[in-house]
Every structure is written in C-alpha cells, then in structure tokens.
1. Does Glu260 satisfy being assigned to a helix (DSSP H, G or I) and not hydrophobic (A, V, I, L, M, F, W, C)?
2. In this structure, does Thr126 turn out to be open to solvent by less than 40 Å² (accessible area, probe 1.4 Å), assigned to a strand (DSSP E or B) and polar (S, T, N, Q)?
3. In the list Gly99, Gly132, Gly121, which residue meets the criterion of being touching a residue at least 12 places away in the same chain (Cβ under 8 Å) and surrounded by fewer than 24 Cβ atoms within 10 Å (Cβ to Cβ)?
4. Consider Ala367 against the criteria (1) surrounded by 14 or more Cβ atoms within 10 Å (Cβ to Cβ); (2) closer than 16 Å to Thr283 by Cα: it satisfies all of them except one. Which criterion is unmet?
5. Could you list, in sequence order, all residues of the range 178-198 that are assigned to a loop (DSSP other than H, G, I, E, B) and open to solvent by 20 Å² or more (accessible area, probe 1.4 Å)?
6. Would a scan of the range 170-177 turn up a residue that is closer than 16 Å to Gly232 by Cβ and open to solvent by 50 Å² or more (accessible area, probe 1.4 Å)?
7. Can you find a residue in the range 177-194 that is under 13 Å from Val79 (Cα atoms) and under 16 Å from the mean Cα position of the chain (by Cα)?
8. Return yes when Arg235 is among the basic types (Lys, Arg) and more than 30 Å from Arg68 (Cα to Cα) and no when it is not.
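The values are calculated or read from the model by the stated rules, or taken from the named source; none is laboratory data. Computed from a predicted model, the values in this text were never measured in an experiment. Reconstructed Cβ throughout: ideal geometry from the backbone, glycine too, with neighbour counts over all protein chains shown. The area values use the complete protein model at the heavy-atom level, side chains included, leaving out ligands, DNA and RNA. Shrake-Rupley method; radii C 1.70, N 1.55, O 1.52, S 1.80 Å.
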Amino acid sequence: MTLSTSLAPLTEPTRDTAAPGGRGTATLLAVALGASLVGGGVVAGFERSRPGSTAAAPVGAPAGLDVRAILAKAEPAVVTVRTRLVGQDSFAQPVAEQGTGTGVVVAADGVIVTNAHVVAGAQTITVQLADGRTLPGRVLGTAPGSDLAVLKVAATGLPIAELGDSAAVRVGDPVVAIGNALALPGGPTVTEGIISALDRTISTDTGVRLEHVLQTDAAINPGNSGGPLLDGGGRVIGINSATSASGQSIGFAIAIGPAEPVLRQLEQGQSIAQPYLGVETTTVTPQVQARYGLAADTGALVVSVQPGSPAEAAGLQAGDVVTAVAGTPVTTSDGLGALLGGHRPGERLRLAVTRGSSTADVAVTLAARPDAQQ
C-alpha cells in the first residue's frame, strides 16, 4: 500500500538577506507502508559509541516515561549544527544562506552524527556543543542515499550518546525526540510520543529512498534533522530525518541499527557503495503467512522485484520467501537488509528461498545501488 504525501527534511533554513527565492528544503514523497526495499542493513556496531553492553536492557520505561532522566542522560551529547553556503535568489543572484540542524556526539574525540541534508552544499560548518562552546566542523563523510553524515570537531573528552537496539523496538514503545526545532534560541526542544510504525520506506522527489525508518508521533519539526530519537532508557534508536508536511503527528527517524555500518564507513572517510538486490519485502508474520498461504512461517516475503535488478536476473519472484543469506537465517525484512549490508556490490551469494511448498538455493550477484535509488 502506498500513501502519497509530502514529507519535509528537518533542517531549518534561513537566509542572511530578505531576497526572495533562495534555497529551500527538498520534499519527500510517496511513503511505502509495511514494506522495505532491500539494499543494505545492519552489521556489528559503531562500538566506540557504546559504553557497556545494552543488548539485554529494556527498550521502554516499564511504567511511564521519565523524560527528565532521559534528558539528563542524553542532552549533553546533543549539538547544534549550523551551516553557511551561497545560493541564488529568484533573479539568479548570489545570496548568503544559513541552516540549522542537530547532531549527536558518538565519540569523545569529537565525532558527530547528523543528516546528510543538514550539511549538503555547506561552505562552512559550525557546531555548538551542549557546554556552549562553538567549534568549526568538518565533514568526514556523507551518504546521501542513507541521509547520514559524520562530522568532526577538534575536542576531546566530550559526553557521548549511548546507542540502543532499534531491532528491539516495538510499536507503542515510548520515545523522546531532542533537536533544535525551528532554530529557536535557548536550547533544544524536547518532545515525547510513541513508536507509531516500524520498517517504513520513504521516497523523495529526487529518487532518494530511506529504508527501515521508524515512524513516531513525537513532535519533530524543521531544525530537528540529525537529532536523536531516544528509547525509555535514553538510548539513541534513531536519527530524526523527516516529518509530514500534510499530516499530523507523523515523523520519521533513520533506525540506528541499519545506520551503524554506514556510520562506521563514513567515520573512516570511506566511500559508500551500497549493495543492491532489488526486492521489496515484508516480514512473514502469522497474519502474513495465513493471508498468503505461505509454507514458511518466518523470513522476508518478496512483495515485488525491480526490473533489471540482480533479483530479477536470479529468478526471484513476488511471493517467494527468503529464509537465509549465505547460510544465516533471515527472520524479518529488516534482517534481510541487515545481512545484505554486510556484503559488497559484486559479491555472489546464495539465498535460501521458499516458493510454495518447495525450497531452493538461489545464486545472486549483488550490484551497486542505482543512482536513482541513492
């Protein structure tokens, strides 16, 4: 099912002059509900930003949400990201523009995660830390296809955010969003809500697809881009990225699990080459199994196959259920993307596939994601 709507990235743009025209924000369109286009995913995690083991910790607060405690834990690692660039007005004349977004410190030596659209085209970047210091920032790497960027400031001993487990999140879990909403002075804005839906795929009018995003009703607004979506324990489970311009209480955050391998590469200045299979999938649940009469009770159900994709070349069809990648079981749609994300374009893999009552191993050679999918 597809919902046509208008979703806006969350950078708050301003201009130094009152000239008309100027730079605006891109628009996100066509939100695909209940399925995800598989292209990459989570592997082990961005360990420097994980102080201690949190895998067994509960996702949400068991009896209400202690927002003050969450804020005390997370806010010291939330920063303001300001950019400056030269755009054009409606008469094609140069005009100075600046934008404001949010970032999250994930390493004490000044490594910061934000959205790619926050720093896109920026000539200069400044980062205001929670302690009030303002420092120049430089981009270590960006992945526009994932709307992620990693910045660096010259600082040490910074408080860092604790990363949570987005795979453990369930609909209805309480969450808190922190960010520089509307670039309001006086510190970040804090809002609370719940996880409204999982595993959304949102598409932009420029062809960008963001996969495995979390939907929340916590109020997020322009300026929140790059800020954290936090679970009940104050752990980062998502990076806020977009909100609906036409709906109410509909916002989206990039799940931290699938983001982690991308962030590790960006931190090291590596280029991103995302593997591409070319299937849209949904998780096999008891309801999905009964509805479609599937023999498999777990895995990723293929909803559609992209023309010209590696999946089509390998003979995959809508209705197939992928149950393993290179011998590793697949239990969810997100899990399929996670396993593929640990491989590279050009690699040849064997997928365990159930079709009707038959099972087979299917050989597939991953491709680099097409530009239109970036």
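1. Working: assigned to a helix (DSSP H, G or I): yes; not hydrophobic (A, V, I, L, M, F, W, C): yes.
Spelling it out, Glu260 is indeed assigned to a helix (DSSP H, G or I) and not hydrophobic (A, V, I, L, M, F, W, C).
2. Working: open to solvent by less than 40 Å² (accessible area, probe 1.4 Å): no; assigned to a strand (DSSP E or B): yes; polar (S, T, N, Q): yes.
Taking the combined requirement at face value, the residue does not satisfy it.
3. Details: Gly99 fails: surrounded by fewer than 24 Cβ atoms within 10 Å (Cβ to Cβ); Gly132 fails: touching a residue at least 12 places away in the same chain (Cβ under 8 Å).
Every option except Gly121 fails the conditions.
4. Ala367 satisfies all of (1) surrounded by 14 or more Cβ atoms within 10 Å (Cβ to Cβ); (2) closer than 16 Å to Thr283 by Cα except (2).
5. Taking the range 178-198 and keeping what is assigned to a loop (DSSP other than H, G, I, E, B), we get 180, 184-188.
Leu184, Pro185, Gly186, Gly187, Pro188, listed by residue number.
6. Quick first cut of the range 170-177, residues closer than 16 Å to Gly232 by Cβ only: 170-177.
Now narrow it down to the ones that are open to solvent by 50 Å² or more (accessible area, probe 1.4 Å): 170-171.
Yes, the range 170-177 contains a residue that is closer than 16 Å to Gly232 by Cβ and open to solvent by 50 Å² or more (accessible area, probe 1.4 Å).
7. Looking through the range 177-194, at least one residue is under 13 Å from Val79 (Cα atoms) and under 16 Å from the mean Cα position of the chain (by Cα).
8. Details: among the basic types (Lys, Arg): yes; more than 30 Å from Arg68 (Cα to Cα): no.
It is false that Arg235 is among the basic types (Lys, Arg) and more than 30 Å from Arg68 (Cα to Cα).
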